[in-house]
Amino acid sequence: MELSGRRTIEAPREEVWAAILDPAVLKRCVPGCTEMTGNPDDGFEATVVQKVGPVKATFKGNIVLAEMQAPERVRITGEGKGGAAGFAKGGADVTLSEDANGTVLEYDVEAKVGGKLAQLGGRVIDGFAKKMADQFFTNFKNVVEGPAEDDAPAEAPEAKKGWFGRGKAAS
Amino acid sequence: MPKDGGIGDSTRRREDIRFLTGAGRYSDDINVHGQTYAHFVRSDVAHGRIRSIDVAGAEAMPGVLKVFTSKDFEGAGGVPCGWLITSRDGTPMQEPKHPILAEGKVRHVGDPIAVVVAETKAQARDAADALEIDIEMLDAACDMKAALEDGAPRVHDDLSSNLCYDWGFVEDNREAVDEAIKAAAHVTTLELVNNRLVANPMEPRVAIGEYNPATDEHTLYTTSQNPHVIRLLMGAFVLNIPEHKLRVVAPDVGGGFGTKIFHYAEEAFVTFAAKALRRPVKWTSSRSEAFMSDAHGRDHVTKIELALDADNNFTALRTTTLANMGAYLSTFAPSVPTWLHGTLMAGNYKTPLIYVNVKAVFTNTVPVDAYRGAGRPEATFQLERVVDKAARELGVSPVELRRQNFITAFPYATPVAVEYDTGNYHATMDKLLELSDYSGFETRATDSKSRGKLRGFGIAHYIEACGIAPSNLVGQLGARAGLYESATVRVNATGSISVMTGSHSHGQGHETTFAQVISEMIGIDASQVDIVHGDTARTPMGMGTYGSRSIAVGGSAMVRAAEKVIAKAKRIAAHLMEASEGDIELKDGQFTIAGTDKSVAWGDVTLAAYVPHNYPLEEIEPGLEETAFYDPANFTYPSGGYGCEVEVDPETGHVKVLAFTAADDFGNVINPMIVDGQVHGGVAQGIGQAMMENCAYDAEGQLISASYMDYAMPRAGDVPMFTVDASCATPCTHNPLGVKGCGEAGAIGSPPAVVNAVIDALQRGGYDVGHIDMPLIPSRVWQAIQDATAAKR
């Protein structure tokens, strides 16, 4: 399964780059992420709770950042084991470029699933992966752009920004 | 007019009373005091190296007795393969070890790695999650062609390649076939796929192991079509338990379709673990587990070439097939694409020269073995498709091209080693055309056209080799077993009868039909006859049920044993009536002295046998019980003509199966209703294969059709009401009942009829489509229509 996309983030490229390497940001952006520790050099350890079709599982896995060319390009690979649910693994090539509106983030994602996830979730896995990627990058955009918003996140019309605002305040 | 409950009577199935009222006793209904539960931890990658397995965490979980891995099976044998195939170059097939639990590597999704045994099912499952297994993923060999290339991932590191064998048949004919094809006036070529299927019996597999330390006796309850075969294989080759210390019970079994023939690792595991733990161990497969651990069926990729002379006579046939074995050799896997396939390539036709080449390939997929028809559907499909294509290319009627080439003189020795004893293919063709109203088809096609639909009619003829099989012959062909059958007819003192048969009933209705045969022979009411099967402690050594063999081989053994009983009973009757033995006749349960009104009842004779007061003890032993083993002289050759009528929506590619007609020759029929039901079930499975069933793997070897969400089984709405007929009977010449067997026919003859019908519909609609691979799902049919439309432009 492969998918790709692009987002324009209204923030300077260095800021976007720093956010990609920040486990606290990643934790807020990965849908269903309950834990994220580590650092860009050694990699991150993550716990993600997700439901794919009929299969709900807690995935524990590692995320490795490679081929880093700050602040332009990074390859993020990860593998999560969901016990009886099977496994998911994948990689994303992320590139950042500058344009008039801020930073253009482009991504190419490839993902593989195995075990029960593939057996039962096969028919929904493509849609699921697209939804996960969409959510992640939407969250990411919101997180990074967040500081530009005023300091009334709870009243913000978009709930996600409010969620980010609380997260930002806590960190 | 058949007698009530006798041969030819559509007696209702006595076993249905318990099946339909929920009173059947299936393996999962059996609970042994103190039993524990096994949960298999299976590979979720297609191919990988096991780096480590840490059982400590799981073993510390509540209720866990032990976690087993391959280390516990050091010294035990692997799951054996029951058939040796020899390659064209004279070398034996490559035969890898099939460990009970994965050793070093995992080779398919579902390959068992470890087993947790716990006090409850839930505890076993929970603990399985705490098991730490580290596997290094390896590239998988999934596609057969790619698996044979140099540098392909190797399923078994200790084999020289992924090629199991390269079989040629008949090798001596190879050059002559090549020459005949070169010299032919016309050659029709077809490349096709016989899609991989999952058998999906209604009851998933179950195995319960029990061990009695006081007597050193093991008992295995299992969902098997052949408990004696399991006892022999598992006792002698895997666990080293002598037969007299091992009892295998296969009670009510909810469907098998071939996939319950084989000896599975789970059976050996529970038997082994029950002794190791001194506790009974039970395993019940989940449906998800069944998809990735029951042997799959079919999965052939074939190229077939049919050569014809200028008068449209078939002159030669050449076929090359890649057959998927999966990751390990299942019990009878090597025989399916070879002897059960190559020997059938003559079909109903007098093609003088035939050459069959089969390369069997190891891949990182679930093992593939016999599934209803086993090799014969694969043979019939390619042959009947290529004949149909040839008729179209030559512009002749598919009916007439078949008729012109039919075998008409019997016995007929084919060029592929078998000799058909009887048959009448023109009769079944006539019957098919009559019952399907073939002559009215054009009118119906016009009606469909007026509604924007394309109607098509497809014909297929089939022959199958059933009544498996003469032991000395299959021994020469590589079978590591005999294929006789056995029966004990035990007459009780009051005249009722228990028949202990080596055949096994898992839906076929033996308890009814076998009793009908005894009732007919002796003349007592069928209710006085009980059929006992499925327990090695109660039945004589028998080979079980598959290959449409039960009535032809098991029934014959029962007849032979009953004949011995009757002969002895006549001697007793002669004594009781002070007559000569040769003058005694048995009719309707009465022994009479021929030409007199003097008689003695069956019950009086049986009582005398067990209360031998007035009895010639110096001449005849007391008691009335006889056993017979029957080894068939030949296969039986059921045949038939099948017709399918479909309507295709050219806008969507949707196919509706409107009508299906089966005109079969099963020889003599014991119970017409049960035979009809067998054909119905077989045809439904054949339509399932042709229209919707497909076992799919992705490029990494993940099984992606592993539930009924993704694996489409035919439902009542997907099949029409069938028209079936078995009146064109030419009795088998070499067994006492003249029977041929009917269990697989429907699944063998129907797929080509369906595909031929769809191609016919498309051709009539002006779309020049040569072939579409099964299953004919709307997207494939639609794509074929688009491609044909584009080609025309």
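Read through the list (1) touching a Gly at 6+ places or on another chain (Cβ under 7 Å); (2) away from chain B (no Cβ under 14 Å); (3) not in a strand (DSSP E or B), then give the number of the only condition that residue A:46 fails.
The number of the failed condition is (3).
Let me confirm something: among B:314, B:362, B:291, which residue is within 17 Å of residue B:197 (Cβ to Cβ) and modelled with pLDDT of 95 or more?
Result of the check over B:314, B:362, B:291: B:291.
Run residue B:494 past the list (1) touching a His at 6+ places or on another chain (Cβ under 8 Å); (2) part of a loop (DSSP other than H, G, I, E, B) and report the number of the one that doesn't hold.
(1)
Quick one: residue B:135 ticks every box in (1) outside any loop (DSSP other than H, G, I, E, B); (2) buried (at least 19 other Cβ atoms within 10 Å of the Cβ); (3) more than 14 Å from chain A (Cβ to nearest Cβ) bar one, so which box is it?
Condition (3) is where residue B:135 drops out.
State whether the residues of segment B:739-751 include one that is away from chain A (no Cβ under 14 Å), surrounded by fewer than 19 Cβ atoms within 10 Å (Cβ to Cβ), within 25 Å of residue B:640 (Cβ to Cβ) and hydroxyl-bearing (Ser, Thr, Tyr).
Checked against the condition, which is being away from chain A (no Cβ under 14 Å), surrounded by fewer than 19 Cβ atoms within 10 Å (Cβ to Cβ), within 25 Å of residue B:640 (Cβ to Cβ) and hydroxyl-bearing (Ser, Thr, Tyr), segment B:739-751 yields no hits at all.
Report, by residue number, each residue of segment B:210-232 that is more than 17 Å from residue B:254 (Cα to Cα) and touching an Asp or Glu at 6+ places or on another chain (Cβ under 8 Å). Before the answer, list the steps.
Going through segment B:210-232, the residues more than 17 Å from residue B:254 (Cα to Cα) turn out to be B:210-220, B:228-232.
Residues satisfying the conditions are B:211, B:218, B:219, B:220, B:230, B:231, B:232.
Among the residues of segment B:353-407, write down those that are crowded, with 24+ Cβ neighbours inside 10 Å and aromatic (Phe, Trp, Tyr).
B:355, B:362, B:371, B:381
Please find, among B:90, B:78, the residue that is away from every other protein chain (no Cβ under 14 Å), of a type in the set (Gly, Ala, Ser), in a loop (DSSP other than H, G, I, E, B) and under 21 Å from residue B:366 (Cα atoms). Full working, then the answer.
Numbers: B:90 fails: under 21 Å from residue B:366 (Cα atoms).
Step by step, each of B:90, B:78 is checked, and only B:78 is away from every other protein chain (no Cβ under 14 Å), of a type in the set (Gly, Ala, Ser), in a loop (DSSP other than H, G, I, E, B) and under 21 Å from residue B:366 (Cα atoms).
Does residue B:78 meet the test of being of a type in the set (Gly, Ala, Ser) and either closer than 25 Å to residue B:235 by Cβ or more than 31 Å from the chain's Cα centre (by Cα) (or both)?
yes
Here is a list: B:123, B:94. Which entry is more than 33 Å from the chain's Cα centre (by Cα) and in contact (Cβ under 8 Å) with a residue 40 or more places away in the chain?
Going through B:123, B:94 in turn, the sole match is B:123.
Step by step: first the residues of segment B:654-674, then only those that are crowded, with 24+ Cβ neighbours inside 10 Å and out of contact with any strand residue (DSSP E or B) (no Cβ under 6 Å at 6 or more places or on another chain), then the one that is nearest to residue B:427 (Cα to Cα). Which residue is that?
B:666
Check B:670, B:674 and return the single one that is more than 14 Å from chain A (Cβ to nearest Cβ), more than 24 Å from residue B:759 (Cα to Cα) and not in a loop (DSSP other than H, G, I, E, B).
One residue alone meets the criteria, B:674.
One residue is enough: does segment B:239-246 have a residue meeting the conditions in a loop (DSSP other than H, G, I, E, B), away from chain A (no Cβ under 14 Å) and touching a residue at least 24 places away in the same chain (Cβ under 8 Å)?
Yes.
Report, by residue number, each residue of segment B:96-132 that is in contact with a Ser or Thr (Cβ under 9 Å, 6 or more places away or on another chain), surrounded by fewer than 19 Cβ atoms within 10 Å (Cβ to Cβ) and among the small types (Gly, Ala, Ser).
B:104
I want to confirm something. Restricting to segment B:267-321 and keeping residues that are at negative phi and among the basic types (Lys, Arg), which single residue is farthest from the other protein chains (Cβ to nearest Cβ)?
Among those that are at negative phi and among the basic types (Lys, Arg), it is B:318.
Find all pairs meeting these conditions: Cβ atoms under 8 angstrom apart; at least six residues apart or on different chains; first residue within segment B:592-603 and at positive phi; second residue surrounded by 11 or more Cβ atoms within 10 Å (Cβ to Cβ).
B:595/B:583
Counting only residues that are within 14 Å of another protein chain (Cβ to nearest Cβ) and under 21 Å from the mean Cα position of the chain (by Cα), which one in segment B:677-711 is farthest from residue B:204 (Cα to Cα)?
B:694
Can you tell me which of B:652, B:596, B:606 is in contact with a helix residue (DSSP H, G or I) (Cβ under 9 Å, 6 or more places away or on another chain) and either aromatic (Phe, Trp, Tyr) or not in a loop (DSSP other than H, G, I, E, B) (or both)?
B:606
Among the residues of segment B:202-229 satisfying the criterion of being polar (S, T, N, Q) and more than 16 Å from the chain's Cα centre (by Cα), which is surrounded by the most Cβ atoms within 10 Å (Cβ to Cβ)? Step through it out loud before you land on a result.
As a first pass, look at segment B:202-229 and keep what is polar (S, T, N, Q): B:212, B:215, B:219, B:222-226.
If we keep only those that are more than 16 Å from the chain's Cα centre (by Cα) as well, we get B:212, B:215, B:219, B:222.
Details: B:212: 13, B:215: 8, B:219: 21, B:222: 28.
Only one residue tops the list, namely B:222.
Quick check on residue B:168: is it within 14 Å of chain A (Cβ to nearest Cβ) and either of a type in the set (S, T, N, Q) or within 35 Å of the chain's Cα centre (by Cα) (or both)?
no
Please enumerate the residues belonging to segment B:292-326 that are more than 23 Å from the chain's Cα centre (by Cα) and of a type in the set (Lys, Arg).
B:303, B:318
Going residue by residue through segment B:460-472, is there one that turns out to be in contact with a helix residue (DSSP H, G or I) (Cβ under 6 Å, 6 or more places away or on another chain) and surrounded by fewer than 20 Cβ atoms within 10 Å (Cβ to Cβ)?
no
Name the residue, out of B:243, B:267, that is acidic (Asp, Glu), within 30 Å of residue B:682 (Cβ to Cβ) and not assigned by TED's automatic domain parsing to the domain that holds residue B:774.
Values: B:243 fails: within 30 Å of residue B:682 (Cβ to Cβ).
Exactly one residue qualifies, and that residue is B:267.
Suppose we keep only residues that are hydroxyl-bearing (Ser, Thr, Tyr) and not in a loop (DSSP other than H, G, I, E, B) within segment B:147-196. Which one would you say is nearest to residue B:375 (Cα to Cα)?
B:165
Within segment B:153-170, how many residues turn out to be of a type in the set (A, V, I, L, M, F, W, C) and surrounded by fewer than 20 Cβ atoms within 10 Å (Cβ to Cβ)? I'd like the intermediate steps shown before the answer.
To start, the set of residues in segment B:153-170 that are of a type in the set (A, V, I, L, M, F, W, C) comprises B:155, B:159, B:163-164, B:167, B:169-170.
Now drop any that are not surrounded by fewer than 20 Cβ atoms within 10 Å (Cβ to Cβ), which leaves B:159, B:163, B:170.
Number satisfying all stated conditions: 3.
What is the residue count in segment B:641-656 for residues that are closer than 16 Å to residue B:756 by Cβ and either touching a His at 6+ places or on another chain (Cβ under 7 Å) or among the β-branched types (Val, Ile, Thr) (or both)?
Number of matching residues: 4.
Evaluate the following for residue B:454: is it among the hydrophobic types (A, V, I, L, M, F, W, C), within 30 Å of residue B:345 (Cα to Cα), modelled with pLDDT of 95 or more and buried (at least 17 other Cβ atoms within 10 Å of the Cβ)? Please lay out each step first, then the result.
Details: among the hydrophobic types (A, V, I, L, M, F, W, C): yes; within 30 Å of residue B:345 (Cα to Cα): no; modelled with pLDDT of 95 or more: yes; buried (at least 17 other Cβ atoms within 10 Å of the Cβ): yes.
So residue B:454 fails the test.
Can you name every residue in segment A:69-95 that is hydrophobic (A, V, I, L, M, F, W, C) and either at the interface with chain B (Cβ under 9 Å from one of its Cβ atoms) or under 22 Å from residue B:703 (Cα atoms) (or both)?
A:84, A:85, A:87, A:88
Out of B:714, B:736, B:731, B:720, I need the residue that is more than 10 Å from chain A (Cβ to nearest Cβ), under 20 Å from residue B:290 (Cα atoms) and of a type outside the set (A, V, I, L, M). Which one?
Unique residue meeting the criteria: B:714.
The values are calculated or read from the model by the stated rules, or taken from the named source; none is laboratory data. Remember, predicted model here, so these are calculated numbers, not experimental data. No Cβ is skipped: glycine too gets one built from the backbone with ideal geometry, and neighbour counts run over all protein chains shown.
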